[in-house]
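J.: Take this structure, written in structure tokens, and hold onto it; I'll ask about it next.
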Amino acid sequence: MAKEKILVIGASGQIGVELTLALRKIYGNNNVIASDLREENPLLKGTGPYVSMDVMNKEMLHVQVIRQGITQIYLLAAILSATGEKNPNLAWHLNMQGLLNVLDIAREEKLSKVYWPSSIAVFGPTSPKMNCPQQTIIEPTTVYGISKYAGEFWCNYYFNRYGVDVRSLRYPGLISYKSAPGGGTTDYAIEIFHEALEEKKYQCFLNEDTYLPMMYMEDAIKATLQLMEAPASNITIRTSYNISGMSFSPKEISEEIKKHIPDFEMSYKSDYRQAIADSWPQSIDDSVARKDWGWQEDYNLEKMTREMFDNISK
Ligand code: NAD
Ligand code: AKB
């Protein structure tokens with residue numbers, strides 16, 4: 001295991017920080033190189049090597065991979081759903097070209113593994129709303145969803161055609177306290193905790209009955225590491241695996257928050273993100289991930305809410 005040298009691209013983001021720290025615990029601080037377009041996240045400072053890098057600069061990426069003796073890449077740099085709708089060209093360009101740069105270099109340098117996350121955003125209004133299956137009608141209506149769906153098929157193509165061992169999860173909305181979210185439709189479920197503690201009130205940009213699939217970050221990191229450590233023979237999905245943690249509506253999370261802050265007040269004023277949320281499923285069927293590599297979540301709404309308050313208060 002210690003022989004692996006890992007490059008995390010997009011390491012200063014919401015997932016990147018926690019994944020980099022988790023990988024450093026397993027593989028050793030110096031064997032996990034964090035990289036990002038923006039400056040090093042303060043939580044990563046002093047925990048291991050950091051390089052400033054643009055994933056769109058293929059030549060520089062290639063040089064780093066060779067110079068550092070990289071064997072695995074975790075590619076997290078992307079533009080998420082809400083920001084993507086404000087700048088569709090940029091979202092398409094980064095989400096596609098960044099992935100193709102990494103897949104090409106992985107093929108040329110014969111990297112042992114690549115990780116690239118997809119999203120429940122691949123699903124669209126014609127996909128089943130409840131327990132959305134692994135294989136189903138997929139007609140995304142956001143540029144983010146389109147880029148993720150296309151990316152899934154590029155991963156499948158590079159695996160089948162060139163043998164690149166690239167693995168992927170369709171994350172639901174991720175809830176965490178360490179690093180701020182990066183412009184998604186599910187970000188309300190993080191903002192609400194901070195506003196509840198600071199202001200005792202929150203105005204939600206989604207309607208009260210908008211159910212969405214969500215997951216606590218601990219579970220997302222566990223799933224990512226479990227998928228990447230599974231024997232290749234167990235991986236039957238080379239596009240991207242459905243995974244599920246919990247599903248709730250803004251009203252349900254506000255009721256859970258009231259158990260901790262009884263005078264918390266929630267109000268609703270939906271904006272352009274409502275249409276994005278309405279196009280996604282309310283819950284996900286992840287039975288294939290459970291069968292192939294033993295996926296099992298640890299957090300439900302109640303446990304996640306407790307952990308969020310405990311950690312933010314600290
Ligand atoms: P984020 O926006 O918090 O982090 C992305 C990071 O990539 C940022 O630090 C950004 O500076 C960096 N970046 C942007 N452009 C770059 C470039 N050209 N070169 C190098 N770095 C660049 O996003 P996140 O929430 O951590 O998401 C990571 C991945 O997980 C994305 O692919 C996202 O689509 C996927 N995902 C996230 C969620 C979620 O709820 N957070 C859900 C589903 C899928
Ligand atoms: C977003 O809301 O864009 C992300 C996601 C579900 O991919 N959190």
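The values are calculated or read from the model by the stated rules, or taken from the named source; none is laboratory data. Everything quoted here is computed from the prediction, not taken from an experiment. Cβ sites come from the backbone with ideal geometry, for glycine too, and all protein chains shown count toward neighbours. Side chains included, ligands, DNA and RNA excluded: accessible areas come from the protein's heavy atoms. Shrake-Rupley method; radii C 1.70, N 1.55, O 1.52, S 1.80 Å.
J.: Could you go through segment 209-217 and let me know if any residue there is at pLDDT 95 or above, surrounded by fewer than 20 Cβ atoms within 10 Å (Cβ to Cβ) and assigned to a loop (DSSP other than H, G, I, E, B).
T.: The answer is yes, given that some residue of segment 209-217 is at pLDDT 95 or above, surrounded by fewer than 20 Cβ atoms within 10 Å (Cβ to Cβ) and assigned to a loop (DSSP other than H, G, I, E, B).
J.: Answer yes or no as to whether N31 is among the polar types (S, T, N, Q), surrounded by fewer than 24 Cβ atoms within 10 Å (Cβ to Cβ) and within 16 Å of ligand 1 (Cβ to nearest atom).
T.: Values: among the polar types (S, T, N, Q): yes; surrounded by fewer than 24 Cβ atoms within 10 Å (Cβ to Cβ): yes; within 16 Å of ligand 1 (Cβ to nearest atom): no.
Judged against the criteria, N31 is not a match.
J.: Would you check if there is a residue in segment 152-161 being over 18 Å from A106 (Cβ atoms) and within 15 Å of ligand 2 (Cβ to nearest atom)?
T.: no
J.: List every residue pair whose Cβ atoms sit under 7 Å apart, with the two residues 6 or more apart in sequence or on different chains, where the first one lies in segment 178-203 and is free of Cβ contacts under 8 Å to residues at least 12 places away in the same chain and the second, anywhere, is surrounded by fewer than 22 Cβ atoms within 10 Å (Cβ to Cβ).
T.: From segment 178-203, the pairs are E195/K201.
J.: Does Y158 qualify as being out of contact with any Pro (no Cβ under 8 Å at 6 or more places or on another chain), more than 26 Å from E40 (Cβ to Cβ) and surrounded by fewer than 22 Cβ atoms within 10 Å (Cβ to Cβ)?
T.: For Y158, the condition - out of contact with any Pro (no Cβ under 8 Å at 6 or more places or on another chain), more than 26 Å from E40 (Cβ to Cβ) and surrounded by fewer than 22 Cβ atoms within 10 Å (Cβ to Cβ) - is not met.
J.: Next question. Please enumerate the residues belonging to segment 218-228 that are within 13 Å of ligand 1 (Cβ to nearest atom) and either of a type in the set (D, E) or open to solvent by 10 Å² or more (accessible area, probe 1.4 Å) (or both).
T.: D219, I221 - these are the residues of segment 218-228 that are within 13 Å of ligand 1 (Cβ to nearest atom) and either of a type in the set (D, E) or open to solvent by 10 Å² or more (accessible area, probe 1.4 Å) (or both).
J.: Kindly list the number of the only condition in (1) touching a residue at least 24 places away in the same chain (Cβ under 8 Å); (2) surrounded by fewer than 21 Cβ atoms within 10 Å (Cβ to Cβ) that fails for G16.
T.: Unmet for G16, out of (1) touching a residue at least 24 places away in the same chain (Cβ under 8 Å); (2) surrounded by fewer than 21 Cβ atoms within 10 Å (Cβ to Cβ): (2).
J.: Mind listing just one residue for me: the one in segment 174-186 that is within 8 Å of ligand 1 (Cβ to nearest atom) and under 17 Å from A275 (Cα atoms) and, of those, surrounded by the fewest Cβ atoms within 10 Å (Cβ to Cβ)?
T.: Among residues in segment 174-186 that are within 8 Å of ligand 1 (Cβ to nearest atom) and under 17 Å from A275 (Cα atoms), the one surrounded by the fewest Cβ atoms within 10 Å (Cβ to Cβ) is G183.
J.: Also: Got at least one residue in segment 139-158 being without any contact (Cβ under 8 Å) to a residue 12 or more places away in the chain and assigned to a helix (DSSP H, G or I)?
T.: The answer is yes, given that some residue of segment 139-158 is without any contact (Cβ under 8 Å) to a residue 12 or more places away in the chain and assigned to a helix (DSSP H, G or I).
J.: For segment 64-73, check the following and say yes or no: at least one residue is in the same structural domain as E152 (by TED's automatic domain parsing), in contact with a Gly (Cβ under 9 Å, 6 or more places away or on another chain) and open to solvent by 10 Å² or more (accessible area, probe 1.4 Å).
T.: Here is the first cut: in segment 64-73, the ones in the same structural domain as E152 (by TED's automatic domain parsing) are 64-73.
Narrowing the set further to residues that are in contact with a Gly (Cβ under 9 Å, 6 or more places away or on another chain) leaves none.
Looking for residues that are in the same structural domain as E152 (by TED's automatic domain parsing), in contact with a Gly (Cβ under 9 Å, 6 or more places away or on another chain) and open to solvent by 10 Å² or more (accessible area, probe 1.4 Å), one finds none in segment 64-73, hence no.
J.: Could you list, in sequence order, all residues of segment 280-294 that are more than 15 Å from ligand 1 (Cβ to nearest atom) and either aromatic (F, W, Y) or in a loop (DSSP other than H, G, I, E, B) (or both)?
T.: Scanning segment 280-294 gives Q282, S283, D285, W293, G294.
J.: Just checking, does segment 172-183 include any residue being within 13 Å of ligand 2 (Cβ to nearest atom) and more than 19 Å from G10 (Cβ to Cβ)?
T.: no
J.: Can you spot a residue in segment 251-274 that is part of a loop (DSSP other than H, G, I, E, B), open to solvent by less than 20 Å² (accessible area, probe 1.4 Å) and touching an Asp or Glu at 6+ places or on another chain (Cβ under 8 Å)?
T.: So far as segment 251-274 goes, no, none of its residues is part of a loop (DSSP other than H, G, I, E, B), open to solvent by less than 20 Å² (accessible area, probe 1.4 Å) and touching an Asp or Glu at 6+ places or on another chain (Cβ under 8 Å).
J.: Please state which of the following conditions K113 fails to meet, knowing it meets all the rest: (1) over 21 Å from D292 (Cα atoms); (2) of a type outside the set (S, T, Y); (3) surrounded by fewer than 24 Cβ atoms within 10 Å (Cβ to Cβ).
T.: With respect to (1) over 21 Å from D292 (Cα atoms); (2) of a type outside the set (S, T, Y); (3) surrounded by fewer than 24 Cβ atoms within 10 Å (Cβ to Cβ), K113 is out only on (1).
J.: Is it the case, given these coordinates, that T47 is within 16 Å of ligand 2 (Cβ to nearest atom), open to solvent by 30 Å² or more (accessible area, probe 1.4 Å) and of a type in the set (S, T, Y)?
T.: Judged against the criteria, T47 is not a match.
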